[in-house]
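Novice: Dumping the structure here so I can ask a few things about it.
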């Protein structure tokens, strides 16, 4: 059975570093939207471009799983609904989903982001202290049940199923 490894965490948590390690360990396809945004759009994702890119990468990930390739989806997935939708879609593709949660405290996060911006500014998006605070407030930390894969549940009220929710969340998802 193929596996989708879903990295979960805030900027500066070490998701991409861990995604690279997992890709090497499992000979898996690694899909990291941050590495596509600047070359394609020259920006971080304003105007919904990141959502469109993530939808296409999610479709690609599911196709790779169907043909027998493990995938690392390095999205961050701040909401429980995003993680639940991806888990359900992964299972419908006949694969398993493993959440890889990387918590990070505020001081470590700031230090890592500052280092990244100093050492590779051409590959890094600007992030202000205000951004970090706003993002931290929006982040829904996964609990032990969710990490273990036992807490999927149904889609939010008003949605018939997870694929419909995913198509609305990621407009280019098919």
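The values are calculated or read from the model by the stated rules, or taken from the named source; none is laboratory data. Here the structure is a predicted model, which means the values were calculated and not measured. Neighbour counts run over all protein chains shown; Cβ positions are idealised from the backbone, glycine included.
Novice: Of these, 125, 139, which one is within 30 Å of residue 160 (Cβ to Cβ) and out of contact with any helix residue (DSSP H, G or I) (no Cβ under 6 Å at 6 or more places or on another chain)? Full working, then the answer.
Specialist: On the way: 125 fails: within 30 Å of residue 160 (Cβ to Cβ).
Going through 125, 139 in turn, the sole match is 139.
Novice: Listed residues 61, 23, 19; which is within 20 Å of residue 169 (Cα to Cα), touching a strand residue (DSSP E or B) at 6+ places or on another chain (Cβ under 9 Å) and part of a helix (DSSP H, G or I)?
Specialist: 61
Novice: Looking at 72, 52, which is the one that is touching a residue at least 24 places away in the same chain (Cβ under 8 Å) and either under 23 Å from residue 128 (Cβ atoms) or part of a strand (DSSP E or B) (or both)?
Specialist: Selected residue: 72, the only one of 72, 52 that is touching a residue at least 24 places away in the same chain (Cβ under 8 Å) and either under 23 Å from residue 128 (Cβ atoms) or part of a strand (DSSP E or B) (or both).
Novice: Is one or more of the residues making up segment 147-170 farther than 20 Å from residue 37 by Cβ, under 17 Å from the mean Cα position of the chain (by Cα), in a loop (DSSP other than H, G, I, E, B) and modelled with pLDDT of 95 or more?
Specialist: Within segment 147-170, not a single residue is farther than 20 Å from residue 37 by Cβ, under 17 Å from the mean Cα position of the chain (by Cα), in a loop (DSSP other than H, G, I, E, B) and modelled with pLDDT of 95 or more.
Novice: In segment 121-134, what count of residues is obtained for those that are under 20 Å from residue 35 (Cβ atoms) and either more than 21 Å from the chain's Cα centre (by Cα) or not in a loop (DSSP other than H, G, I, E, B) (or both)?
Specialist: Matching residues across segment 121-134 total 4.
Novice: A further question on this structure: Go over the candidates 137, 118 one by one and state the one that is farther than 13 Å from residue 80 by Cβ, assigned to a helix (DSSP H, G or I) and modelled with pLDDT under 90.
Specialist: 118
Novice: Please pick out the residue among 4, 10 that is touching a strand residue (DSSP E or B) at 6+ places or on another chain (Cβ under 8 Å), touching a residue at least 60 places away in the same chain (Cβ under 8 Å), assigned to a loop (DSSP other than H, G, I, E, B) and crowded, with 19+ Cβ neighbours inside 10 Å.
Specialist: Of the residues listed, the single one that is touching a strand residue (DSSP E or B) at 6+ places or on another chain (Cβ under 8 Å), touching a residue at least 60 places away in the same chain (Cβ under 8 Å), assigned to a loop (DSSP other than H, G, I, E, B) and crowded, with 19+ Cβ neighbours inside 10 Å is 10.
Novice: For segment 147-164, state whether one or more residues are touching a residue at least 40 places away in the same chain (Cβ under 8 Å), touching a strand residue (DSSP E or B) at 6+ places or on another chain (Cβ under 8 Å) and exposed (fewer than 15 other Cβ atoms within 10 Å of the Cβ).
Specialist: yes
Novice: Within the group 64, 93, 114, which residue is in contact (Cβ under 8 Å) with a residue 24 or more places away in the chain, over 13 Å from the mean Cα position of the chain (by Cα) and within 19 Å of residue 16 (Cβ to Cβ)? Break it down into steps so the answer makes sense when it comes.
Specialist: Values: 93 fails: within 19 Å of residue 16 (Cβ to Cβ); 114 fails: in contact (Cβ under 8 Å) with a residue 24 or more places away in the chain.
Answer to the check: 64.
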